[in-house]
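One structure is given here, and the rest of the page talks about it.
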Amino acid sequence: MLNSVKIAKRQSEIRQQLAILAAKENPDENETRQMETLDAEYRSNETRYRAALTAEDETRNAAREELETREGREWDELVSRFEARQIVAALDHGAQLTGETAEIVQEMRSQGNYRGFPVPLAALERRELVTGTTVAADVPRPVASRPLIDRVFPASVAGRLGAEVVNITQGNLLFPVATGGAVAGWAPTEGADVPGPFPFKYAERALTPDHTLGAHMRITRRALKQAGAGLEAAIRRDMSAAIEAELDRTIINGKGADGEPLGIIPGASEYGIASTPVGTVPSWAAFRAAAVRFMQGNMAKSPSEIRVAFDPLVWGDLDAALIEGTAVSEFDRLTKNIPASQIALTNVLPDGTAILTTNAGGVAPIYVGIYGGLDVIRDPYSDAQSGTLRLTALVTADVTVARGSQLLILTGLSGTP
């Protein structure tokens, strides 16, 4: 029983005793002394009661936070034990799902419509290898797991640019963005009106389930029989790489047609993103001018809050351009102001193109909507003669930009120093 409840119960008993004693017209000395003792205890208990409530309130808040976050932690723990090889075995020869894998599939089917076996996107994350496992030199070794909503694909260029991944169950998701509103101003003369009124205006950016991305995979009979547990990592790595690469390409270069969402560069005018042709050798001066625009527009407080992505040719030109009489390159000047961890190199961008982004007021520069998880479907007919298992993984996704002023495109960064 809580201490506050015990005190409250005792206070009720004291009030009952005091009521009985106070009803007597001529109490004797013992009854008077008893009333004084009970009254003193009552006042003391009031102080103890308030202190107990304060202490228990902190306990309640801690318990409430535990309850609010427990469900997410339990789901993450379940997904960390998800086995993709069970899905392959179930699709190949009808094996029954067991353990956490079966629980996750059942939960996802209850939340969405899937023709095949649902697979959570977080299950495609690269998992930390067990100590002692022999791996090739070019296989990445992640040191930390990543949460599902924030960064589904932590190695992607879109993630490095600050894109936020939003998991959507169904329907459209709208982002109302204010474009106009109150303007402060001074009254020109005594009794005159201040400037205004100015209408509040906003635009809506939507994420819709209109775009479906598919990844095909063929697993030979030999691989099924020979790979064993190694098939788990191979499937995850292959699906993750294929989906990540295509999402990255679409987020930046999506045409907005033929089933593709509208990407950053083709949709610059639609999203209100400024595109500045530089037309000269890449230098820190070009990126500094872009950083100044962000800071003048109150999008960033300093260059360290800006993220940059450009193609390897731009990096080569920046690194080769040395300040006269020094061994300091233009790339050194860039990383002195913008941390190297916020600079991404990618072949997805056109030659001589760079994208700069910043997170302003907690609003991400890019939003990527992912609807549910992967829907893994088996094709039992196309490769029946060879015994090959053909899988199709479908995921519905969309891209939008909330505020175009949080992005800037630089073009024409080419030439040799």
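Worth a mention:
- Extension gain from Lys336 to Gln111, taking 0.36 nm per residue of separation minus the Cα-Cα distance: 76.2 nm
- Qualifying lysines (Cα of each under 29 Å from Cα of Lys301; at least 8 residues distant if same chain): Lys201, Lys336
- A straight chain from Leu18 to Glu41 at 0.36 nm per residue would run longer than the Cα-Cα distance by 7.1 nm.
- Taking the stretch 25-51 and a reference point 7 angstrom along Cα→Cβ of Arg10, the backbone N atoms nearer than 15 Å belong to 37-51.
- Sorting 158-167, 189-198 by average packing, meaning the other beta carbons within 10 Å per residue, from highest down gives 158-167, 189-198.
- Each label point was placed 7 Å from the Cα along the Cα-to-Cβ direction; for Thr54 and Thr326 their separation is 5.8 nm.
- Residues of type aspartates and glutamates that Lys225 reaches as a straight line, Cα spacing below 16 Å, ignoring anything fewer than 8 places off in the same chain: Asp92
- Net length available on complete extension from Asp28 to Ala206 is 56.0 nm, with 0.36 nm assigned per residue and the Cα-Cα distance removed.
Each reported figure results from applying straightforward, stated rules to the coordinates on display, with no laboratory input. Predicted, not measured: the structure shown is a model, and the values here were computed from it. Counting neighbours? That spans all protein chains shown, and the Cβs are built from the backbone with ideal geometry, glycine included.
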